[in-house]
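What follows is a set of notes on a single structure, which appears directly below.
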Amino acid sequence: MESAAISMRAVSSPFLCNSPDSKFAFNFANPSNSRPNPPSILRCVHSQASNSDSGNRFKPICKPTFACSAVAADRQSSGSATAAARLQLLLEEFQSLVEPADRVGKLIRCAARLPPFPDSLKTAANRVPGCTAQVWLHVELDGDGKRLRFMADSDSEVTKGFCACLIAALDGATPAEVLAVKTEDLKALGSVGVNGQRSGNSSSSRANTWHNVLMSMKKRTNAAVAMSEGRHHGDPFPSLIITSDGIQAKGSYAEAQARFLHPHEQKVHELVNLLKERKIGVVAHFYMDPEVQGVLTAAQKLWPHIHISDSLIMADSAVKMAEAGCEFITVLGVDFMSENVRAILDQAGFPEVGVYRMSTEHIGCSLADAAAAPAYMDYLSQAGAAPNPSPSLHVVYINTSLETKAYAHEVVPTITCTSSNVVQTILQAFSEIPNLNVWYGPDTYMGANIMELFQQMTMMSDEEIAKIHPKHNRSSIKSLIPRLHYFQEGNCIVHHLFGQEVVAKINEMYCDAFLTAHFEVPSEMFSMAMEAKRRGMGVVGSTQNILDFIQERVQEALDRNIDDHLQFILGTESGMVTSIVAAVRKKLMSAGSQSKSKISVEIVFPVSSESITTTPNSSRAGDFSTIPMIPGVASGEGCSLHGGCASCPYMKMNSLASLINVCQSLPHKKDDLKAYEAMRFSQHTTPNGKLIAEYGCEPILHMRHFQSTKRLPEKLVQQILDTAGSGRR
């Protein structure tokens with residue numbers, strides 16, 4: 001960069017040429033609808049402006065001293081011009097344009113030279129999702145089926161300029177070249193954006209346009225190649241399409257879900273009458289059976305003491321119900337949830353309020369069971385073996401039993417976390433206590449994802465890291481990584497299904513959709529969701545985070561007031577769909593006559609081969625050779641009992657029949673419900689004699705303090721320091 005003149009041989013599209021007013025302007029030589037010629041090769045000479053002030057930086061190569069002359073090249077030699085080389089030139093051009101006005105001017109000039117886009121192609125199918133402006137993209141293979149041709153348009157001139165630049169880089173490329181481009185390859189564009197350094201939603205959304213158009217190019221490239229080869233592009237995942245007029249189910253599993261979204265009124269009123277008469281509150285997890293959720297969602301309108309949420313809020317809701325006069329609480333979830341509700345009610349001063357689960361059998365959880373195994377305590381014992389005076393903190397996932405929390409807290413000072421606050425909890429702990437070791441568990445996937453997130457943060461700027469946590473920078477993140485440990489033998493059997501097979505299909509068929517993922521998913525799904533999150537098309541977090549994200553995107557579509565179709569990949573347990581449908585329908589219905597647009601929202605359920613089941617031919621029982629395959633078990637319920645289509649078999653033990661039975665037995669037949677009562681640890685103690693009910697609640701109370709103050713409680717900090725100093729509690 002210090003030489004007086006810089007020469008470069010750059011490869012570009014045929015749209016790049018010598019334009020007298022150009023700062024790397026594109027010249028779309030053929031304004032007609034005819035397809036552009038294959039790429040030409042350009043040789044550009046960039047001259048440094050003279051400057052007597054040695055303190056000034058190198059002058060941008062886009063200034064008036066820039067001169068560019070096209071060098072004629074035959075078509076065969078231009079065929080060697082790779083998309084990567086053209087993309088690199090595009091990056092260099094934008095990096096050279098330091099002034100925001102120069103960038104915007106370039107994009108507007110490019111937009112003006114983009115060939116006309118036929119109105120007949122401005123269809124919903126050609127829309128690019130995720131862009132604030134309307135963007136249309138058409139992709140096809142040329143005559144010999146070897147190179148791709150792109151056409152695009154937008155109702156925004158700047159966005160249209162984005163499309164022109166990407167077309168210049170990728171038009172005429174091979175499918176392999178297009179599919180090889182990654183969104184991070186456009187980082188130089190996104191990190192600076194159109195308006196200089198990112199500062200707010202406008203710049204961020206504009207930067208995301210590059211990425212969203214690229215993802216649509218890749219998705220449609222896959223479809224075009226499949227069509228040219230005469231092969232089936234692949235069966236879509238089952239989905240539900242929600243509009244203000246109703247719900248459309250696509251696929252057998254979606255049909256099973258939709259069947260219960262509008263429950264029979266008699267069932268709803270029967271349940272509500274029981275709840276009112278006997279003063280019963282209901283707390284249920286998002287992952288309930290669709291029939292149960294359908295009835296509960298309808299019943300909420302008639303009885304306020306019904307709450308459907310993630311596990312953390314269930315206990316809080318139960319306390320509010322007790323305060324409002326409910327004498328019994330029914331818990332629809334796994335056993336650790338009913339245990340937590342029981343313990344929190346006792347802590348809040350409501351020991352007389354009965355708490356009932358929905359099965360006489362143990363309602364397990366693969367994560368809770370992993371933390372209850374001897375291997376987990378062996379893992380925590382390593383903290384005590386760590387060299388003094390290094391202090392240790394155990395961050396345990398809320399989805400564990402009260403007994404586990406108490407036993408663990410006795411070994412290592414413990415705070416609970418949720419999938420939505422685990423990152424902030426760990427970062428805050430590292431910022432408050434020097435040389436801290438953090439021991440996370442029991443979810444192996446979440447632990448690995450947290451580690452991957454911190455690794456990614458080491459490549460961010462200090463300013464970007466400060467937005468995540470104000471007390472950290474690149475140096476502190478690098479220093480904490482060796483002191484973060486996570487359990488290697490625990491996972492959720494449902495989220496385990498979101499592995500490589502599902503990710504590959506999403507990449508091929510749904511890469512331009514909104515992507516939601518629970519923090520418990522495998523690394524492949526986590527990485528893809530994080531990439532989508534960076535371009536405003538995804539969320540990684542808790543069930544509540546996922547629901548909030550979907551509602552926000554729907555509201556944005558309503559605010560734009562144009563016809564739109566939003567497609568969301570549901571990267572968590574399929575039971576979430578009932579709450580999602582209810583929330584989306586409420587928003588669409590509330591818009592009503594105020595909106596002239598037609599908005600449809602599609603919720604897609606990923607299905608792995610583990611949840612695909614063949615159905616036997618009625619005439620030849622047991623013959624599976626010619627029978628179509630459907631998501632789920634042969635009974636037609638829709639999901640495998642082994643987790644299947646992201647459906648938890650433990651959660652499905654909470655049936656509507658059980659709920660009705662429990663409610664009918666209260667209060668006069670309580671003795672018949674002994675097996676349904678939530679476990680009470682009032683007389684149970686840890687190995688060191690501490691009450692499990694009290695000591696197991698302490699990590700939860702530590703988390704509540706953190707949530708309200710954004711700091712670790714002084715009691716917990718002192719426990720950590722005391723343990724480090726004495727080597728014992």
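Annotations
- Check on I426, surrounded by fewer than 24 Cβ atoms within 10 Å (Cβ to Cβ) and in contact with a strand residue (DSSP E or B) (Cβ under 7 Å, 6 or more places away or on another chain): yes
- Filtering region 647-689 to residues that are aromatic (F, W, Y), at pLDDT below 95 and either open to solvent by 20 Å² or more (accessible area, probe 1.4 Å) or on the phi > 0 side of the Ramachandran plot (or both) leaves only Y650.
- Enumeration of residues in region 481-503 that are β-branched (V, I, T) and assigned to a helix (DSSP H, G or I): I481, V502, V503
- The selection criterion, being buried (at least 20 other Cβ atoms within 10 Å of the Cβ), among the small types (G, A, S), over 23 Å from the mean Cα position of the chain (by Cα) and at pLDDT below 70, does not hold for S635.
- Total residues in region 75-103, condition aliphatic (A, V, I, L, M), modelled with pLDDT under 85 and open to solvent by 40 Å² or more (accessible area, probe 1.4 Å): 2
- Any pair with Cβ under 9 angstrom, 6 or more apart, that starts in region 523-537 at a residue that is more than 14 Å from D512 (Cα to Cα) and open to solvent by less than 10 Å² (accessible area, probe 1.4 Å) and ends at one that is in a helix (DSSP H, G or I) and small (G, A, S): F526/A448
- Of the candidates K218, K160, K187, the single residue that is at pLDDT 90 or above and within 21 Å of A532 (Cα to Cα) is K218.
- Scanning region 668-693 for residues that are within 15 Å of I329 (Cα to Cα) and among the hydroxyl-bearing types (S, T, Y) yields a count of 1.
- Single residue of region 356-372 satisfying the filter (hydroxyl-bearing (S, T, Y) and open to solvent by less than 20 Å² (accessible area, probe 1.4 Å)) that is nearest to S655 (Cα to Cα): S359
- Wholly enclosed strands (runs of 3 or more DSSP E) of region 280-388 bearing at least 3 residues closer than 30 Å to K586 by Cβ: 280-285, 306-309, 328-332
- Residue in region 209-222 that is in contact (Cβ under 8 Å) with a residue 60 or more places away in the chain and among the small types (G, A, S) present: yes
- Within region 232-264, the set of residues being part of a strand (DSSP E or B), within 17 Å of I550 (Cβ to Cβ) and either without any contact (Cβ under 8 Å) to a residue 12 or more places away in the chain or of a type in the set (A, V, I, L, M) (or both) comprises L240, I241, I242, I247.
- Restricting region 277-312 to residues that are hydroxyl-bearing (S, T, Y) and in contact with a strand residue (DSSP E or B) (Cβ under 9 Å, 6 or more places away or on another chain), the residue that is least open to solvent (accessible area, probe 1.4 Å): S309
The values are calculated or read from the model by the stated rules, or taken from the named source; none is laboratory data. Everything numeric in this text was worked out from a predicted model, so none of it was measured. Cβ atoms come from the backbone with ideal geometry, glycine included; neighbour counts cover every protein chain shown. Ligands, DNA and RNA are excluded from the accessible area calculation, which covers all protein heavy atoms including side chains. Shrake-Rupley method; radii C 1.70, N 1.55, O 1.52, S 1.80 Å.
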